[in-house]
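Undergrad: Structure in structure tokens, see below.
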Amino acid sequence: MSEQQTAETANEAIAERGKSAAPDAAGDDTEGFAEEGGDENGAKKKRRRRRKKNNKSEVIEPPDEKSAMALEFVTHVVEDMELDCEVQLRRPGADSPDEISIEIVGHDSGRIIGKKGQVLQALQFLTHRVINRPGEEKRHILVDAEGYRSRRDTNLASMARKLGKQALELGKIITFEPMNPRDRRVVHMALANFEGVVTKSDGEGDDRRVQIIPVRR
């Protein structure tokens, strides 16, 4: 199956399962996967990614109704796509104990990620809408596949710190190319305690990007 065919199958499966989603329940999970940052001219910096197979977070049984609903929804989507994968509920991190963390593992897990994580993004967005109905307390949903999001965040944070050092050494503002909210948040957090620089988001809509600004002493 080609990448295009996989994307089409994924979109059909997700759309079918998402018909019952509440139309006004979108939250902070709309973010996608931007290209990794750049210099002050917005030039792209590409890096080779190393795929890690193991995810050490503990597999758990659904502790509540929303967790069970999320697990069931993602499982049905994967089944509709006829992928050789297993869907697991993972124990959330200590910094986000109320998060519903779902991991997709197996031979076809790469297909659920899609180009630049677009299929994974769509699945997380629809899961968020299905689970978080209007008038109910919202839960953060994380849908990952073979640790893709975790590796993505780690690589982006590492690059942000390197560019922070570069901005400090050169005394120049370094601007990333446009980023989605999730990636911008990763950069801000990575440099929150980085001495000598501050970060700010600039621009509107899809053109919003992070700037690393050296602070003069």
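Undergrad: Inside the range 102-120, can you point out the residues that are in a helix (DSSP H, G or I) and within 24 Å of residue 64 (Cα to Cα)?
TA: Answer for the range 102-120, where residues must be in a helix (DSSP H, G or I) and within 24 Å of residue 64 (Cα to Cα): just 120.
Undergrad: Any chance you could count how many residues in the range 135-161 are in a helix (DSSP H, G or I), of a type in the set (Asp, Glu) and surrounded by fewer than 16 Cβ atoms within 10 Å (Cβ to Cβ)?
TA: So the count comes out to 0.
Undergrad: Ok, one more. Looking at the range 196-210, which of its residues are on the phi < 0 side of the Ramachandran plot and either of a type in the set (Asp, Glu) or in contact with a helix residue (DSSP H, G or I) (Cβ under 9 Å, 6 or more places away or on another chain) (or both)?
TA: Once the filter is applied, which keeps residues that are on the phi < 0 side of the Ramachandran plot and either of a type in the set (Asp, Glu) or in contact with a helix residue (DSSP H, G or I) (Cβ under 9 Å, 6 or more places away or on another chain) (or both), the range 196-210 yields 197, 199, 200, 201, 202, 204, 206, 207, 208, 209, 210.
Undergrad: Sticking with this structure for a sec: Being polar (S, T, N, Q) and out of contact with any strand residue (DSSP E or B) (no Cβ under 9 Å at 6 or more places or on another chain) narrows it down to one residue among 154, 175; which is it?
TA: Result: 154 is the single residue among 154, 175 that is polar (S, T, N, Q) and out of contact with any strand residue (DSSP E or B) (no Cβ under 9 Å at 6 or more places or on another chain).
Undergrad: Here is a list: 164, 171. Which entry is at pLDDT 90 or above, out of contact with any His (no Cβ under 7 Å at 6 or more places or on another chain), farther than 30 Å from residue 67 by Cβ and crowded, with 17+ Cβ neighbours inside 10 Å?
TA: Exactly one residue qualifies, and that residue is 164.
The values are calculated or read from the model by the stated rules, or taken from the named source; none is laboratory data. Note that the structure is predicted; figures quoted are calculated from it, not measured. Because the Cβ atoms are built from the backbone with ideal geometry, glycine has one as well, and the counts that use them run over all protein chains shown.
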